[in-house]
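Colleague: The structure that follows is given in the form of structure tokens.
The values are calculated or read from the model by the stated rules, or taken from the named source; none is laboratory data. Quick caveat: nothing in here was measured; it's all calculated off a predicted structure. Here Cβ is always computed from backbone atoms with ideal geometry, including for glycine, and neighbour counts include all displayed protein chains.
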Amino acid sequence: MERFLDQFFNLEVMARYLPDVAAGFVVTIQLALSVIVTGLLLGLLLAVIRAFQIRPVNWLIILFVDLYRALPPLVILIIFYFGLPFIGITMSAFVIAWIVLASVLAAFAEEIYWAGITSVNKGQWEAARSTGLGFTGTLFYVVIPQAIRMTIPPLTNRTIAITKNTALASVVTVEEMLTVAQTSLAYAANTSPLTMAAIGYLLIFFPLTMASRWVETRYAWKR
Amino acid sequence: MAHAHDIASKFVVEAYDIHKSFGDFEALKGVNLTVAPQELVFIIGPSGSGKSTMLRCCNLLEQPSRGQVKITGEEITSRGVDINEVRQRIGMVFQQFNLYPHMSALGNVSLALRKVKKMARSEAEDRAHAALKRVGLADKAGNHPTELSGGQQQRVAIARAIAMEPDVILFDEPTSALDPELVGSVLEVMRELRESGMTMVVVSHEMRFARDAADRVIFMDGGLIVEEGTPERIFTDPRSDRLKSFLHSVTGH
Ligand SMILES: Nc1ncnc2c1ncn2[C@@H]1O[C@H](COP(=O)(O)OP(=O)(O)OP(=O)(O)O)[C@@H](O)[C@H]1O
Ligand SMILES: [Mg+2]
């Protein structure tokens, strides 16, 4: 027991590496929040655009979505990081990780929102249109609010799964929490820094799941 | 302003030679329908005869394949007509109510007032409250559809239609999805509307209601109007065999 505590909860090691892991935590939470906000918004935007059924535009959206869902995020990340400089674009590793992960989340989110939009009863469209509300008004005031409420649970799962990929950003030199913890672990020959990282992840994802539960019950209505 | 066309035409709804095909199937084969101001026209007929399709052609939820529809004299089937403007003057009530589940009764009734008629929130809500009061649901304004009985939901749907102060309201089997004990409250509201002079086109199987509230009954079968006349005439003196057998099947003797 004592060896276990020493291995995972060594206070002296923890104190020593706390500043490093904390810095990593800040990077991770910044990346995670940027990815979540932009990814979910971009996904919604794409789903809304898709609802207008403009053929060539829809093909592009479907291509984007299928591509991003098919490729492992790591592959996309590496392609962007090493490929962009060749076409004269230089961005910080953090920004690239942000764009890539946000795009991946947007791709999955688009599919989920889209499924939600198409599952709204045809009668809702007809009722709204019969009052003189146009296509866009019906989409925004009647269909999308219902679609979003239906999609909260699958969207939360996807968001968490993809946001955990922030750890991948270490591949392109982003000093996020897990990398820092692993480096510290190697230096200290002790796993306590990893314990701190685990606590860090809980601090990020617990509030997220709780927020989604809250939104879900707040806006729930029975059919 | 909404009634600008009233003077120009004797009819609120005019539909001439309406055809509607779904693929190869011809659901309407040339139907004529005219509805005078304050008239209550009742449409009956067997399932699949085209009643709903005909009703939906009147506000272009269904685009006729051929024919002409006029609302208060204005042809709405011609190109360049702002259908959203026209639909403000044509209320519609559906069999499945189709209330917005994410909004309160008040929200359901005031949405189009605010977003279509561009009223300020307070004005829209005043009007929505008045409409809810008219259907006997003044105390349910804050309730969501799931907190209401079927009959109450349908009355909210009627309030949603009347709040727009339309020239005509189309009812597509408004009581068919209701438990028998809830039908009365909805018919009561419809009767009150009729007495207040609302022009109405009603597709329904409520023959008793047709008898004592309708001005005219239209019998459709196979995408055509087979017979029409006063309720008295249609129910006591049916001429075609199809109407006779239809009445026989619905009254059950
Ligand atoms: N969107 C559609 N696509 C294909 N066929 C349709 C469509 N809408 C209606 N129909 C067909 O047109 C015919 C008339 O339908 P409609 O709904 O107008 O009948 P109805 O008289 O209202 O019947 P009910 O009493 O069952 O409501 C039916 O045979 C129906 O199957
Ligand atoms: Mg029908």
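Colleague: With the requirement that a residue be among the polar types (S, T, N, Q), in contact with an Asp or Glu (Cβ under 8 Å, 6 or more places away or on another chain) and at the interface with chain A (Cβ under 8 Å from one of its Cβ atoms), what does the stretch B:85-110 give you?
Modeller: Within the stretch B:85-110, the first condition is being among the polar types (S, T, N, Q), and the residues that meet it are B:88, B:95-96, B:98, B:104, B:108, B:110.
Right, trim to in contact with an Asp or Glu (Cβ under 8 Å, 6 or more places away or on another chain) and you get B:95, B:98, B:110.
Matches in the stretch B:85-110: B:ASN98 only.
Colleague: Residues of the stretch B:30-52 being of a type in the set (S, T, N, Q), within 8 Å of ligand 1 (Cβ to nearest atom) and over 12 Å from the mean Cα position of the chain (by Cα), which ones? First the steps, then the outcome.
Modeller: Of all residues in the stretch B:30-52, those of a type in the set (S, T, N, Q) come to B:32, B:34, B:38, B:47, B:49, B:52.
This time we only want the ones that are within 8 Å of ligand 1 (Cβ to nearest atom), so: B:47, B:49, B:52.
Within the stretch B:30-52, B:SER47, B:SER49 qualify.
Colleague: Can you pull out every residue in the stretch A:113-123 that is of a type outside the set (Gly, Ala, Ser), surrounded by fewer than 19 Cβ atoms within 10 Å (Cβ to Cβ) and under 19 Å from B:ARG160 (Cβ atoms)? Reasoning before the result, please.
Modeller: Of all residues in the stretch A:113-123, those of a type outside the set (Gly, Ala, Ser) come to A:113-114, A:117-118, A:120-122.
Right, trim to surrounded by fewer than 19 Cβ atoms within 10 Å (Cβ to Cβ) and you get A:118, A:121-122.
Correct list: A:ASN121, A:LYS122.
Colleague: (1) basic (Lys, Arg); (2) within 14 Å of ligand 2 (Cβ to nearest atom); (3) surrounded by fewer than 20 Cβ atoms within 10 Å (Cβ to Cβ): which one isn't true of B:LYS20, the others all being true?
Modeller: Exception for B:LYS20: condition (3).
Colleague: Additional query: Filter the stretch B:112-125 for residues that are at the interface with another protein chain (Cβ under 7 Å from one of its Cβ atoms) and surrounded by fewer than 24 Cβ atoms within 10 Å (Cβ to Cβ); which is nearest to B:MET190 (Cα to Cα)?
Modeller: Start the filter on the stretch B:112-125 by keeping residues that are at the interface with another protein chain (Cβ under 7 Å from one of its Cβ atoms), which leaves B:112, B:115-116.
Narrowing further to those that are surrounded by fewer than 24 Cβ atoms within 10 Å (Cβ to Cβ): B:115-116.
On the way: B:LYS115: 26, B:VAL116: 25 Å.
Selected residue: B:VAL116.
Colleague: Restricting attention to the stretch B:215-232, and to residues there that are touching a residue at least 40 places away in the same chain (Cβ under 8 Å) and outside any strand (DSSP E or B), which single residue is nearest to the chain's Cα centre (by Cα)?
Modeller: Applying the filter and picking the extreme gives B:ASP215.
Colleague: Which one is farthest from the other protein chains (Cβ to nearest Cβ) among residues in the stretch B:196-208 that are buried (at least 17 other Cβ atoms within 10 Å of the Cβ) and either within 16 Å of ligand 1 (Cβ to nearest atom) or free of Cβ contacts under 8 Å to residues at least 60 places away in the same chain (or both)?
Modeller: Pass one, the stretch B:196-208, residues buried (at least 17 other Cβ atoms within 10 Å of the Cβ): B:198-204, B:206-207.
Still in the list and also either within 16 Å of ligand 1 (Cβ to nearest atom) or free of Cβ contacts under 8 Å to residues at least 60 places away in the same chain (or both): B:201-204, B:206-207.
Values: B:VAL201: 13, B:VAL202: 15, B:VAL203: 15, B:SER204: 18, B:GLU206: 21, B:MET207: 26 Å.
For the stretch B:196-208, the residue satisfying everything is B:MET207.
Colleague: Shifting gears a bit: Whether any residue in the stretch B:7-16 is among the hydroxyl-bearing types (Ser, Thr, Tyr), away from ligand 2 (no atom under 16 Å from the Cβ) and at pLDDT 95 or above is what I want to check. Step through it out loud before you land on a result.
Modeller: If we filter the stretch B:7-16 for residues that are among the hydroxyl-bearing types (Ser, Thr, Tyr), which is where we start, we get B:9, B:16.
Pick out the ones that are also away from ligand 2 (no atom under 16 Å from the Cβ) and you get B:9, B:16.
From what's left, at pLDDT 95 or above: B:16.
Yes, the stretch B:7-16 contains at least one residue that is among the hydroxyl-bearing types (Ser, Thr, Tyr), away from ligand 2 (no atom under 16 Å from the Cβ) and at pLDDT 95 or above.
Colleague: Follow-up question, since we're still on this one. Give me the residue from the stretch A:170-220 that is within 14 Å of chain B (Cβ to nearest Cβ) and in contact (Cβ under 8 Å) with a residue 60 or more places away in the chain and, out of that set, surrounded by the fewest Cβ atoms within 10 Å (Cβ to Cβ).
Modeller: Filtering first and then ranking leaves A:ALA220.
Colleague: Any idea how many residues of the stretch B:154-200 are within 16 Å of ligand 2 (Cβ to nearest atom) and not in a helix (DSSP H, G or I)?
Modeller: Going through the stretch B:154-200 one residue at a time, the tally reaches 9.
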